[in-house]
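Undergrad: After the structure tokens below, expect a handful of questions from me.
The values are calculated or read from the model by the stated rules, or taken from the named source; none is laboratory data. Here the structure is a predicted model, which means the values were calculated and not measured. Glycine gets a Cβ as well: all are built from the backbone with ideal geometry, and neighbour counts include every protein chain shown. Each accessible area value is taken on the protein alone, full model and side chains, heavy atoms only, with ligands, DNA and RNA left out. Shrake-Rupley method; radii C 1.70, N 1.55, O 1.52, S 1.80 Å.
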Amino acid sequence: MSEWVSYYRSEGPEEDEEGEQQEEGPEAVASYSFSGRDSLIFLVDASKAMFECEGDDVTPFDMTIQCIRNVYTSKIISSDRDLLSVVFYGTEKNKNSADFKHIYVLQELDNPGAKRVLELDKYRGDEGRVLFSKTFGHNADYSLGEALWACSNLFSDVRVKLSHKRIMLFTNEDDPHANDSAKARLARTRAGDLRDTGIILDLMHLKKPGGFDISLFYRDIINIAEDEDLGIQPQESEKLEHLMRKVRAKETKKRTLVRLNLYLNKDLSLSVGVYSLAHKAYKPYPVKLYRETNEPVKTKTRMFNGKTGSLLLPSDTKRAQTYGNRQIVLEKEETEELKRFDSLGLFLIGFKPLSMLKQHHHIRPSQFIYPEESIISGSTTLFNALLIKCLEKEVMALCRYTPRRNVPPRFVALVPQEEEVDEQKVQIAPPGFHVIFLPYADDKRNIDFTEKVPADPEQVDKMKEIIKKLRFKYRTDSFENPVLQQHFRNLEALALDMMEPEQAEDLTMPKAEEMNRRLGNLVEEFKQLVYPPDYNPDGKAAKRKQAADGQAEKRPKVEISKDELRRHVQTGTLGKLTVPVLKDACRLYGLRGGGKKQELMDALTEYFSEH
Amino acid sequence: MARGGKVAIVLCLDVGFTMDSSPPDEESSLEQAKKIMTKFVQRQVFAESRDEVAVVLFGTDGTKNDLASGDQYQNITVHRSLMLPDFDLLEDIQDVIKPGSEQADFLDAIIVCMDLLQKETIGKKYEKRHIELFTDLSSPVSDDQLRIIIDNLKKTGISLQFFLPFPVDVDDAGGGTSASGHSQMHRNSFPRKGLTEQQKKGVDVVRKVMYTLDEVGGLEEIYSFRESLERLSMFKKIERRPMAWPCQLTIGSNLSIRILAYKSVTEEKLKKMWTVVDAKTLRKDDVQKETVYCLNDDDETEVQKDDTIQGFRYGSDIVPFSKEDEEQMKYKTEGKCFSVLGFSRSSQIQRHYYMGNQVLKVFAAKDDENAAVAFSALVHALDELDVVAIVRYAYDRRCNPQVGVAFPYIKDAYECLIYVQLPYMEDLRPYIFSSLKNNKKCIPTADQLSAVDSLIDSMNLIYEDGDGGTFKDLFKPSKIPNPHFQRLYQCLQHKAFHPNEPLPPIEQHLLEMLEMPHVVKERCQAPLEKVKALFPLKEVSKKKEEKTAQDIFKDNTEDGFNPKKPKIEDDEGVFSIIKLAEGSVTSVGSVNPAEDFRILVRRENADFRDVSQQLINRIDQFLENKGSQYYMKGINCIRAFREEAIKLSKVQCFNDFLQALKSKVEDKGLADFWEIMVQDRISLITKDEAGGSSVTSEEAEKFLAPKEKKNETLPPTDEGGDVDDLLDMM
């Protein structure tokens, strides 16, 4: 039991110390709290055309607001330090620091919060459209150049350092200043200014009757980030899903976990950036607040000598482990040093066919590498050549990987991936290598397998029918984490003083009714083929479960005599006892031992050394 | 992981005189055998295994065993009875066990071991009993009792492994694959010198024993020393089984199949933690930790823990949310489950989607034929349709549910589903990367491509075995034991016996184990040269910036620092490139903070702001302690900070720090410290010293003047605040 539980314990934010030490993976290094904030302005065309649509479709404006709202809520979950802003242009009313006409700053650059989400919600749907016209009105006499100017003012008005500045422009007008060359020129100049100051301008063009032609105007306006250049322009988005995909790909600044060298041998290397394309999102840590004012409090931890009360600096301490009765003491630096094998980098061992990669050899989520010119110039070409050839020959590269100093090496397989774009010309698979972590011999366990009883073809065929009824297309973004979603909905409800939190739909639950409907009689037919009439797969286990529960309640007390305990302490063989026995013993002597075996043992050792 | 019963193991070592002889430049067989035993016992001791170990030596000068009588069972010594392995045993193996001058029959030794295992395990429960025999097979052997020995081993279920100085070619014995094939190809370092007649006879006996014991796998339990040192092969034999997790696999609400799941692959981590002890007393109890909470105001008013409540950030809002409320409102799982959500084509699940840190193998429940048939139908149906199941998996009521993939895995001996977690939408970071194929600048030429092509061929780790058909893998990471564990155990043992010595160097064989195979290394030389010649690769030097800073720098006599003739006498001269390369410094420590800081800021990729923040934290720590030696340390840190800030053009960073420091002088009662600063004339960096500064020398002078008029306090420089803010306020 202990194994399973210990794994799950270390999964949540309440990670124990060990977990933290281990988990403090490359991510920790790339902590970017000091490098400034990311900022993103949604610049939304609010002219009449955005509110028009054919038939029952959602209007482009509605789609935009929906999309911005999704970004807000996902930012709240994933990166609440980022600054977001919403600016409309083409409105009758205006509100901005330079008093430009027809430009309305709805939300200044600030952290996303519950109130802002609610504000956006007001402008959704038919009612929203009416409210919008009433509040802001429409006017086509805007100047895009001034809108961009207003945006750059927003950036410069922010008091904190911004590391990444981006504007996303949502419109379905491909030639806004067709009849006014002065305004068109101004827009180009402003766009040039933005480019010079490192502000990225993306065009999120939406459906326009007759098609959206970028070459008419926007080709000179948009400013693609250097590291996102696909060499092609994406197509306009007709559906929210497409728009979301485009926006999601760009909403977070891409950051390397680490930049390092890939050594082909000791004097030939290229440099790569390591990225994490999937990283487990956790429930955030709670913050401590002062009860009276609800303001956050600071936490300070000090170490001091229990006897003398004098403050201990880290250098006044050492690290120890005890085996039996023998204490082994190391300097803190030594405990780090013994983890050091290599300098950091990827060291090539050789190549193997892709088919040799075992599907079940998985120990950690993978990472991704992409060439990096900032350490060794010319890396990209060599990287590209390796990628092309690995893809062509269907091989993977085996490497020894040390992501940080003082981390023991791991073997990884570099699996090539070819660049792919979808029908909207949005990149769905970037070019590069996935870094797949491979297990060591210690990481694999021998298992007592159940003897197989092969099914006959008839039984297999019936199961195939069942499977065929329940097929769907898996997509990585199909499932939301119900734990996180519920947590944030609870917070939202509290933040907005709502009576009842909105219940998140749990997408991980099987849709039993729908499944049963689709399967019809197949299940019964299959059961008749494999199970005898009196067999009940649930009953048996349920009974067993009950038995197990009962047992847990009146678990026989494992008694151990004081003398016996003392003997174990003296000979250093406490470790032979099981956790429940140790726990009971601790309870008996009124010791607080914590849940871990070592803690329990320590508590008892301490107790018996004094009594 | 200590599950199930314990194991009783006898390490049976030949110490006869032949074991001590060795060709020049090589370790004797005895030394090699002792190394393996050490590795084995180390693991047992440091992993706090409950297995018990006995040691039997044969070929000893004396005799000590229960069976000895007359001329029977002579020169066999029971060195240690069955008990938990400990440091004494490690010490014994290292120092006490010495070569003898006699020889003894290894079959007799096995009989003594069996006798010991029989007698000493009476009345106790052991999951397994096991003998590990280390010998060079050079002593005379009489096989007249062979039959009895084998029958007894079989009857008692005692398992046996042989460790020999040379690989045994098992092919000509018929059956089994070459157990030593790998090591031959991989290193080829053990000279396969001719065996003596006696050894050949010994090999025959060993083969007979092992083959009769287990026709299929028996011969694979004969290892060479070299191989087992690398692979630690003996551990697999005594490894325990992981826990089973019983559940029902459900498809819809009406179909369920009873299953058992096991963790099959997961990162094995160290079980034992380092505890913090006082450096002087080495006692853990002397170190106590205290956590205080304080308000974020100027006085840092302390508040009681009971006066704090829990809250969470919701974007810009902080929402008070008590533990109880959270518990009540949080998402709840009903209980354990393994429910199929649907089926997808296997190609839709890509390898790099895998999340989590473990792989489960799922089988039908034990002793339930109905479940086994139903499960088998599912596994084969999935396999034949080339689809996978998408599953909701929850370990139990307290655990968060996962969505994962279960795919079929069919082997000769068993069939199962393999389950791996898949990402949630929130886990994904769909970054966009510039296209490589649409970027003309990085398209390789045909020559370059062909150079890479031949490099890949030359570094192929797979080769076809002579008779074709079967492929051999030169480098299998999954067969290599985690070097971290071995290194840790080596260091722990060393420190246990020699507490005051530095850590020993890493063992050579450990490093070799992690290297590219020799064959490949040689084969790829030429193609590598070609690649090197064809691809222009240049290290981007970062020196530029430093140089300009040096140019701007002007001699600052007050600080006594002169870049043209670096001072050798203080720490600064000593630190140098070696330390930079060594990379031993990872953060600004409290022992030599100034030196650490200098090293860290010069590193590539160093973030000056971050490193200097670490230094500032140290300085604050020193100043909180009040006392002249701490003050001097603080002053040294500030000096180092100032010098590096000038050199690396991070003037603002330093000046901001100094401003903030000055503002704290009064609140914190640091007037005496400030006096030292004034005496030493450590002031703001002026624009004469570095280009980035806007401070004139008068201003700098004034800055040090006794504080009276300026009473405004600067906001504390926590990481949230920003330098620009600070400037604006001044």
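Undergrad: Do you know which residues across region B:635-685 are among the polar types (S, T, N, Q), under 16 Å from B:THR696 (Cα atoms) and without any contact (Cβ under 8 Å) to a residue 40 or more places away in the chain?
TA: B:SER683
Undergrad: Please verify whether region A:245-260 includes one or more residues that are part of a strand (DSSP E or B) and more than 9 Å from chain B (Cβ to nearest Cβ).
TA: yes
Undergrad: For region B:629-681, which positions are open to solvent by 50 Å² or more (accessible area, probe 1.4 Å) and among the charged types (D, E, K, R)?
TA: Within region B:629-681, B:LYS633, B:ARG639, B:LYS650, B:LYS664, B:GLU666, B:ASP667, B:LYS668, B:ASP672, B:GLU675, B:ARG681 meet the criteria.
For every residue, the table says whether it meets (1) crowded, with 20+ Cβ neighbours inside 10 Å; (2) touching a residue at least 40 places away in the same chain (Cβ under 8 Å); (3) over 18 Å from the mean Cα position of the chain (by Cα).
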position: B:ASP447; (1), (2), (3): no, yes, yes
position: B:ALA451; (1), (2), (3): yes, yes, yes
position: B:SER454; (1), (2), (3): no, yes, yes
position: B:SER458; (1), (2), (3): no, yes, yes
position: B:ILE462; (1), (2), (3): no, no, yes
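Undergrad: Right, here's the next one. Restricting attention to region A:130-164, and to residues there that are more than 21 Å from A:LEU120 (Cβ to Cβ) and polar (S, T, N, Q), which single residue is most open to solvent (accessible area, probe 1.4 Å)?
TA: Looking at the filtered set, the residue picked out is A:SER156.
Undergrad: Give region A:366-381 a look and list any residue that's at the interface with another protein chain (Cβ under 7 Å from one of its Cβ atoms) and more than 16 Å from A:PHE433 (Cα to Cα), or say none.
TA: Residues satisfying the conditions are A:SER374, A:ILE375, A:ILE376, A:SER377, A:GLY378.
Undergrad: For the list (1) more than 30 Å from A:GLN235 (Cα to Cα); (2) of a type in the set (Phe, Trp, Tyr); (3) under 22 Å from the mean Cα position of the chain (by Cα), I need the number of the one condition that A:TYR474 fails.
TA: Among (1) more than 30 Å from A:GLN235 (Cα to Cα); (2) of a type in the set (Phe, Trp, Tyr); (3) under 22 Å from the mean Cα position of the chain (by Cα), A:TYR474 violates only (1).
Undergrad: Could you please find all residues in region A:106-144 being among the β-branched types (Val, Ile, Thr) and under 24 Å from A:ALA495 (Cα atoms)?
TA: A:VAL117, the sole residue that qualifies.
Undergrad: Residues that are hydrophobic (A, V, I, L, M, F, W, C), surrounded by 15 or more Cβ atoms within 10 Å (Cβ to Cβ) and touching a residue at least 40 places away in the same chain (Cβ under 8 Å): which strands (runs of 3 or more DSSP E) entirely in region B:249-327 hold 3 or more of them? Spell out the reasoning first.
TA: Working: elements: B:255-266, B:275-278, B:287-295, B:308-314, B:317-320.
Per the criteria, B:255-266.
Undergrad: When only residues in region A:74-94 that are open to solvent by less than 10 Å² (accessible area, probe 1.4 Å) and in contact with a Gly (Cβ under 8 Å, 6 or more places away or on another chain) count, which is modelled with the highest pLDDT?
TA: A:THR91
Undergrad: Moving on. Which ones in region B:506-531 are within 19 Å of the chain's Cα centre (by Cα), surrounded by fewer than 16 Cβ atoms within 10 Å (Cβ to Cβ) and within 11 Å of chain A (Cβ to nearest Cβ)?
TA: B:LEU511, B:GLU515
Undergrad: Also, I was wondering about something else. Can A:LEU354 be described as in contact with an Asp or Glu (Cβ under 8 Å, 6 or more places away or on another chain), more than 7 Å from chain B (Cβ to nearest Cβ) and of a type in the set (A, V, I, L, M, F, W, C)?
TA: yes
Undergrad: Okay, moving on. Just to be sure I understand, how many residues within region A:502-515 are at the interface with chain B (Cβ under 7 Å from one of its Cβ atoms) and buried (at least 17 other Cβ atoms within 10 Å of the Cβ)?
TA: The qualifying residues number 3.
Undergrad: B:LYS289: among the charged types (D, E, K, R), closer than 30 Å to A:PRO409 by Cα and out of contact with any helix residue (DSSP H, G or I) (no Cβ under 6 Å at 6 or more places or on another chain), yes or no?
TA: Working: among the charged types (D, E, K, R): yes; closer than 30 Å to A:PRO409 by Cα: no; out of contact with any helix residue (DSSP H, G or I) (no Cβ under 6 Å at 6 or more places or on another chain): yes.
It is false that B:LYS289 is among the charged types (D, E, K, R), closer than 30 Å to A:PRO409 by Cα and out of contact with any helix residue (DSSP H, G or I) (no Cβ under 6 Å at 6 or more places or on another chain).
Undergrad: Which of the residues that make up region A:573-592 are within 14 Å of chain B (Cβ to nearest Cβ), open to solvent by less than 30 Å² (accessible area, probe 1.4 Å) and either farther than 14 Å from A:GLY324 by Cα or in contact (Cβ under 8 Å) with a residue 40 or more places away in the chain (or both)?
TA: The answer is A:THR573, A:VAL581, A:LEU582.
Undergrad: Restricting attention to region B:27-38, report how many residues are open to solvent by 70 Å² or more (accessible area, probe 1.4 Å) and either assigned to a loop (DSSP other than H, G, I, E, B) or of a type in the set (Ser, Thr, Tyr) (or both).
TA: 1
Undergrad: Is there a residue in region B:540-560 that is under 30 Å from B:SER458 (Cα atoms) and either surrounded by 12 or more Cβ atoms within 10 Å (Cβ to Cβ) or at pLDDT below 80 (or both)?
TA: Yes, because at least one residue in region B:540-560 is under 30 Å from B:SER458 (Cα atoms) and either surrounded by 12 or more Cβ atoms within 10 Å (Cβ to Cβ) or at pLDDT below 80 (or both).
Conditions tested, residue by residue: (1) assigned to a helix (DSSP H, G or I); (2) touching a Leu at 6+ places or on another chain (Cβ under 8 Å); (3) of a type outside the set (Phe, Trp, Tyr).
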position: B:ALA8; (1), (2), (3): no, yes, yes
position: B:MET19; (1), (2), (3): yes, yes, yes
position: B:PRO23; (1), (2), (3): no, no, yes
position: B:PHE40; (1), (2), (3): yes, yes, no
position: B:VAL55; (1), (2), (3): no, yes, yes
position: B:GLY62; (1), (2), (3): no, no, yes
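Undergrad: Can you name every residue in region B:114-149 that is under 18 Å from B:ALA33 (Cα atoms) and either more than 36 Å from the chain's Cα centre (by Cα) or part of a helix (DSSP H, G or I) (or both)?
TA: Residues satisfying the conditions are B:LEU137, B:SER138, B:SER139.
Undergrad: Can you tell me which condition B:VAL373 does not meet? The list is (1) in a helix (DSSP H, G or I); (2) loosely packed, with under 14 Cβ neighbours inside 10 Å, and all the others hold.
TA: (2)
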